[in-house]
Ligand code: XIL
């Protein structure tokens, strides 16, 4: 579901272009973000992307060829996630009627380009098909609907997803469970059921719990740890925690806070990934807030590099005009690394610095070559 309005379109229109750094732009780059990430010991640096029909912003068709060149051919990205196409709304719009078209557009491009695919998201309260919320469920019928949904969707992409976000955003800010249709009917059992079913259907995919505001220690991060422990205790496979990392330039966490949060999850023996990274700022962008954004990107990516167990970073699209931010957070934008004119934000350099271990000379994960790469 696109969240568009005339006001938000206007806001987006005034948010760019911005001050730029280099323009890795059109062709393959020798040492893109994914190259640096792999040198630093991560599995990937990726960008989520949408099927053109679902993109946040229409009227940008003229930019597609340059956009596609960066997304699929530049070497900047070694991974992608379909931002919308695999969600319940698209994949099972009516009960028992499955549609893989939108998700498949991105999945097949990823395969062709040799990119890791993170799959997103099986059970989530938002962007649900309307029938899920309008049906009067009993525990038995909702259980069956969850199982059927995961059997359909996860089976379709079986063997192609590096990871699945099995359950997305199940928690409130205080670490208690969100009162979703799933929770109302089944309590925390729905989380167990979702992971159990996903493990049966696609045993090789890494199964993640994914949420926002897990990037610093606190009640919500504790809640997410509770989910991992609850699944473990029940003998159910859980492999990772996804930190969405929708952050704010003007009030970003410190490097140490990020490190502590990531370590908190890694110490449970699950892997961690930054799954939807973007760092929004109050538009218009200025030298000052772009500098804050650069530090914020450097901190969070640097923390991932420095904590063993953090496997990769995904930015939530890479091109500002296709970011969800201006449509949801009024007056904010410029959250990604590429400006409207395809030049890059100062934060691009911040990410490269983080990946090449210039964040700070501490806590190195002792990974191959990380400190030797200087550009
Ligand atoms: C967003 C998409 O980017 C938008 O296009 C859509 O309209 C709403 O959802 N957390 C998630 C993502 O897990 O799926 C959301 O993506 C952003 C917040």
### Message
Criterion first (buried (at least 24 other Cβ atoms within 10 Å of the Cβ), in a helix (DSSP H, G or I) and more than 16 Å from the ligand (Cβ to nearest atom)) does residue 195 satisfy it?
### Response
yes
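Take residue 174 and tell me if it is surrounded by fewer than 20 Cβ atoms within 10 Å (Cβ to Cβ) and out of contact with any helix residue (DSSP H, G or I) (no Cβ under 9 Å at 6 or more places or on another chain).
Numbers: surrounded by fewer than 20 Cβ atoms within 10 Å (Cβ to Cβ): yes; out of contact with any helix residue (DSSP H, G or I) (no Cβ under 9 Å at 6 or more places or on another chain): no.
Here the answer is no, as residue 174 does not meet what is asked.
Among residues belonging to segment 224-238 that are surrounded by fewer than 21 Cβ atoms within 10 Å (Cβ to Cβ) and either within 14 Å of the ligand (Cβ to nearest atom) or in contact (Cβ under 8 Å) with a residue 40 or more places away in the chain (or both), point out the one that is farthest from residue 46 (Cα to Cα).
Residues of segment 224-238 surrounded by fewer than 21 Cβ atoms within 10 Å (Cβ to Cβ): 225-226, 228-230, 232-237.
Adding the requirement that they be either within 14 Å of the ligand (Cβ to nearest atom) or in contact (Cβ under 8 Å) with a residue 40 or more places away in the chain (or both) leaves 225-226, 228, 230, 234, 236-237.
On the way: 225: 25, 226: 28, 228: 25, 230: 30, 234: 33, 236: 28, 237: 25 Å.
Ranking the qualifying residues of segment 224-238, first place goes to 234.
Being free of Cβ contacts under 8 Å to residues at least 12 places away in the same chain and more than 30 Å from residue 186 (Cα to Cα) narrows it down to one of 113, 107, 62, 69, so name that one.
Working: 113 fails: free of Cβ contacts under 8 Å to residues at least 12 places away in the same chain; 107 fails: free of Cβ contacts under 8 Å to residues at least 12 places away in the same chain; 69 fails: free of Cβ contacts under 8 Å to residues at least 12 places away in the same chain.
The conditions single out 62.
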### Per-region count, segment 35-61, residues within 26 Å of residue 285 (Cα to Cα), away from the ligand (no atom under 16 Å from the Cβ) and at pLDDT 95 or above
1
### Query
Hey, residue 375 hits all of (1) away from the ligand (no atom under 16 Å from the Cβ); (2) at pLDDT 95 or above; (3) in a loop (DSSP other than H, G, I, E, B) but one; which does it fall short on?
(2)
### Task
Among residues belonging to segment 205-238 that are part of a loop (DSSP other than H, G, I, E, B) and more than 20 Å from the chain's Cα centre (by Cα), point out the one that is farthest from residue 119 (Cα to Cα).
218
### Query
Tally time: how many residues in segment 91-105 are under 18 Å from the mean Cα position of the chain (by Cα) and closer than 16 Å to residue 165 by Cα?
1
### Query
If you check every pair at least six apart or on different chains, which have Cβ atoms under 7 Å apart with a residue in segment 124-143 that is in contact (Cβ under 8 Å) with a residue 60 or more places away in the chain and closer than 10 Å to residue 181 by Cα first and a residue that is away from the ligand (no atom under 14 Å from the Cβ) and part of a loop (DSSP other than H, G, I, E, B) second?
none
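For segment 23-108, which fully contained helices (runs of 4 or more DSSP H) count at least 3 residues that are crowded, with 18+ Cβ neighbours inside 10 Å? I'd like the intermediate steps shown before the answer.
Details: elements: 33-39, 64-68, 88-91.
The qualifying helices (runs of 4 or more DSSP H) are 33-39, 88-91.
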### Task
Collect the residues in segment 239-288 that are crowded, with 20+ Cβ neighbours inside 10 Å and more than 21 Å from residue 310 (Cβ to Cβ), keeping them in residue-number order.
249, 280, 281, 283, 285
### Summary
Of (1) modelled with pLDDT of 95 or more; (2) in contact with a strand residue (DSSP E or B) (Cβ under 8 Å, 6 or more places away or on another chain), residue 93 fails just (2)
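The values are calculated or read from the model by the stated rules, or taken from the named source; none is laboratory data. As the structure is a prediction and not an experimental result, all values here were calculated from the model. Counting neighbours? That spans all protein chains shown, and the Cβs are built from the backbone with ideal geometry, glycine included.
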